[in-house]
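One structure is given here, and the rest of the page talks about it.
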Amino acid sequence: MAAEQTLVPAFISVTYDGTELNIVDAKFSLQYNNSTNYEENMTSAGKKGYLLRKGVSIEQEGDIYVVLTKSSDGKNDESIKFLENKLKDIAKSEKPEDYSKPVVLTCKDPGEEQFLSVSFNGYLKELKMYPSKNGNGFTDYVAEFEIFDPLSIKIEN
């Protein structure tokens, strides 16, 4: 029996609209659900089929969070400013097509070998500021990305 292993990313990079964000000690959380209700039926050819239950729609939801810590060394300041400016631009846009951009999240092991890449077309939904949970006096910025086009989601190693 093979031993279970957990891959813990040593390096996480986030590229948003072609700009790689400088993130020190990054953390990201990814959740994507695609829930539906189908009913089994018999087709005219006598084969089983599954149809979406009448009155029920396909529910797709995804949450992508990236935490950036604003520390005294200022290494994340440029990335935080970039995201703040993107949020201002999105607020001025009237159509999602104007601000839906390619987003790529990449995880690498300590040898800097990529083991996970998640990409999609989406946009920055929120950028919230919280006191750091570590009690170190720094501030955490939590960036929430929204998937705009579910068909654009690609998960690769």
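Per-residue answers, yes or no, for (1) surrounded by fewer than 15 Cβ atoms within 10 Å (Cβ to Cβ); (2) under 24 Å from Pro9 (Cα atoms); (3) at pLDDT 85 or above:
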position	(1), (2), (3)
Lys70	no, yes, no
Ile90	no, no, yes
Ser93	yes, no, no
Asp98	yes, no, no
Val142	no, yes, yes
Asn157	yes, yes, no
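Return a yes/no flag: does the stretch 25-43 have any residue that is at pLDDT below 65, under 30 Å from Asp73 (Cα atoms) and surrounded by 11 or more Cβ atoms within 10 Å (Cβ to Cβ). Checking the stretch 25-43: at least one residue is at pLDDT below 65, under 30 Å from Asp73 (Cα atoms) and surrounded by 11 or more Cβ atoms within 10 Å (Cβ to Cβ). The residue list Glu61, Glu84 contains one member that is surrounded by 11 or more Cβ atoms within 10 Å (Cβ to Cβ) and modelled with pLDDT under 70, which is Glu61.
The values are calculated or read from the model by the stated rules, or taken from the named source; none is laboratory data. None of these values were measured; they are calculated from a predicted model. Quick reminder, even Gly has a Cβ in these numbers, built from the backbone with ideal geometry, and neighbours come from all protein chains shown.
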